[in-house]
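Structure record follows, encoded as structure tokens.
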Amino acid sequence: MQSCKMWIGGRWVDAESGMSFTVRNPSTGQEIARLPLGGVPDVDHAVKAARAAFPAWSRTPQAERSRILNQIAALVRENVDELARVESLEHGTPLEPARKVIMFASNAMDFAAGASRSLRGEVIRAFPNTVTYLEREPVGVCALITPWNLPLFMIMAKLSMALATGNTCVVKPPSINSLIAIRFAEILAKSDLPAGVVNILTGPGGSVGDALASHPMVDLVGMTGSSETGKAIIASSAKSIKRLVLELGGKNPAIILPDADLDRAVEILGHHQFFNSGMTCGSPGRYYVHEAVHDRFVQKLVDYARKVVVGDPADPATTMGPVVSAEHRDSVEAYIRSGVEQGARIVYGGDRPNKAPLDQGYFVMPTVFTGVTQQMRIAREEIFGPVCCVMKFNDGDDVVALANDNVYGLCGSVWTANLAKGLRMGYELRVGSFWVNQHNHLAPEIPWGGIRDSGIGKEASIEGLKEFTQLKLMSYELLG
Ligand code: NAD
């Protein structure tokens with residue numbers, strides 16, 4: 001088992017307490033690494049290191065900051081096989097998807113490096129003898145708190161935006177997927193990034209995350225995770241006023257109208273449902289299917305689920321690995337049981353693979369529920385697993401009202417040959433991202449972020465870069 005250290009102020013350090021914790025391989029349950037159990041004093045060191053690095057980094061010419069980001073992205077690409085191996089070992093992602101997501105993350109970093117070079121302020125002509133303009137400046141020290149569902153991507157996505165715009169950062173990855181963060185820190189250590197610009201701490205959310213979010217020297221908290229944690233961060237960050245960029249949970253509706261291309265809908269929705277074992281915030285959480293096509297849609301979805309190959313993530317034939325931990329498997333299984341108890345019907349899956357060696361890991365079979373109704377827990381709450389919840393509607397139902405009847409507002413899609421009808425529904429849906437005949441179709445150029453309990457602010461794209469800047473009003477008088 002390997003032992004790792006944290007990366008603070010350009011040095012490898014243990015937790016001040018000397019304590020550590022282990023991370024496990026979710027495919028086997030075996031311990032794979034030991035990491036420092038950071039605490040409040042370590043948070044303080046890391047924030048002070050980021051604060052000390054801020055003046056120089058924020059004044060570094062944009063072209064130089066962008067060059068360093070391009071260098072980090074290139075180093076990630078050079079090491080993609082090793083990084084994908086670690087992500088697969090620690091998180092359970094099959095190797096090929098892990099590789100693709102890491103390549104996407106390095107592409108996003110290159111995008112941020114390039115796009116930040118075209119960010120500009122604005123001139124306001126309010127008075128004839130006064131020039132007033134808005135300067136776009138970095139916010140300061142950013143606490144970046146990331147989830148376990150796409151571990152390296154989440155770190156790189158946030159860092160890309162923050163670093164390109166001149167901020168310095170303290171990153172806190174989720175405890176159960178911290179090893180990949182330390183591997184990434186090794187890459188940062190090889191780059192030209194000055195000491196203290198990025199600091200990486202390991203430890204639990206309740207102590208390290210909370211101390212970061214409430215630290216008076218932190219200017220911005222960028223967090224991706226559950227809505228409950230988002231609300232805890234809003235409360236703890238409120239001891240001082242900070243910028244918040246929160247990417248939170250979702251229970252995303254996919255509405256299938258009678259004239260939808262069902263093959264296309266199932267191909268795209270099935271991919272997003274079972275990718276990463278259903279542990280993606282944008283996965284379709286609720287399928288509202290018109291009664292005229294309900295049975296045919298369900299049959300196709302079951303056929304798709306049957307083709308998902310559940311197995312060892314290191315096996316190239318595997319298309320779906322385990323969920324991330326024993327606790328998370330228990331939570332997904334509790335949702336499956338609650339669906340059955342509340343009267344929904346499992347038409348595929350619902351259990352674990354029971355053959356060795358998969359019975360040692362945290363696997364859940366792809367699962368399709370029909371007969372789901374609006375008040376069931378599986379229809380209302382985020383399951384974050386490979387579980388499809390299909391609800392039937394008819395012409396008498398206001399399907400948009402049903403889709404909006406949920407606390408989340410991350411994303412949604414409508415599937416129809418009638419573009420006008422699809423777009424009209426899109427205007428009414430209370431979500432941050434919407435597609436007709438697509439779902440969760442993203443690129444570094446496209447902003448991402450939810451509304452209501454799904455979060456505050458946007459990530460990626462020019463909009464994501466702007467979240468990490470603030471506007472300062474500057475003015476001078478034309479004398480003489
Ligand atoms: P989580 O909320 O449990 O943890 C997220 C991070 O917050 C972790 O690093 C954790 O240690 C930290 N944390 C926990 N408690 C904290 C506290 N009190 N103060 C500060 N930090 C704290 O989320 P998770 O289980 O790792 O990830 C799954 C969740 O993330 C799902 O709800 C999913 O929808 C959401 N998610 C959202 C998006 C998006 O873009 N909207 C993307 C991916 C995941």
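The values are calculated or read from the model by the stated rules, or taken from the named source; none is laboratory data. Because the structure is predicted, anything quoted here is derived from the model rather than measured. Don't worry about glycine lacking a Cβ; one is built from the backbone with ideal geometry, like all the others, and counts go over all protein chains shown. We work out accessible area using only protein heavy atoms, side chains counted, and drop any ligands, DNA or RNA first. Shrake-Rupley method; radii C 1.70, N 1.55, O 1.52, S 1.80 Å.
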Please report, in whole Å, how far the alpha carbons of segment 342-468 spread along each principal axis, starting with the longest. 49, 42, 27
Angle in degrees between helix 262-274 and the longest Cα principal axis of the chain, rounded to the nearest 10: 60
Hey, what D do you get for segment 131-261 in µm²/s if you plug the Kirkwood alpha-carbon radius into Stokes-Einstein at 4 °C and 1.567 mPa s? 81
Note down the net charge around VAL221, summing +1 for each Lys or Arg and -1 for each Asp or Glu among other residues with Cβ under 13 Å from its Cβ. +2
Please give the Cα centre distance for segment 329-351 versus segment 147-201, rounded to the nearest Å. 36
Taking a probe of 1.4 Å and leaving out DNA, RNA and ligands, the chain shows per residue an accessible area in Å² of 40
Please determine, in degrees from 0 to 90 and to the nearest 10, the orientation of helix 227-237 with respect to the longest principal axis defined by the Cα atoms of the chain, where the helix direction is its Cα long axis. 20
Test item: Cα-centred dipole of segment 252-445, Lys/Arg +1 and Asp/Glu -1 on Cβ, debye: 120
Could you work out the Kirkwood radius for segment 91-183, taking every pair of different alpha carbons, averaging 1/r and inverting it, reported in Å? 15.4
For the chain, calculated [θ]222 nm from helices alone, where every DSSP H run of n ≥ 4 adds -39500 (n - 2.57): -11500 deg cm²/dmol
Between the alpha-carbon centers of segment 1-50 and segment 429-480, tell me the distance in whole angstrom. 33
Compactness relative to 2.2 N^0.38 Å, alpha carbon Rg of segment 252-445: 0.99
Which value, in Å³ per residue, describes the convex hull spanned by the Cα atoms of the chain? 151
With a 1.4 Å probe and all protein chains left in place, how much of the accessible area of the chain comes from carbon and sulfur atoms, in whole percent? 53
Quick one: work out the % antiparallel among DSSP beta bridges in the chain, nearest 5. 45
Relative contact order for segment 18-91, counting Cα pairs under 8 Å that sit 6 or more residues apart, in percent: 33
How big is the dipole moment of the chain about its Cα centre under a simple scheme where the beta carbon of each Lys and Arg is +1, that of each Asp and Glu is -1, and everything else is neutral? Debye, nearest 20, please. 720
For the Cα atoms of the chain, what angle does the longest principal axis make with the long axis of helix 294-307, in degrees from 0 to 90, nearest 10? 70
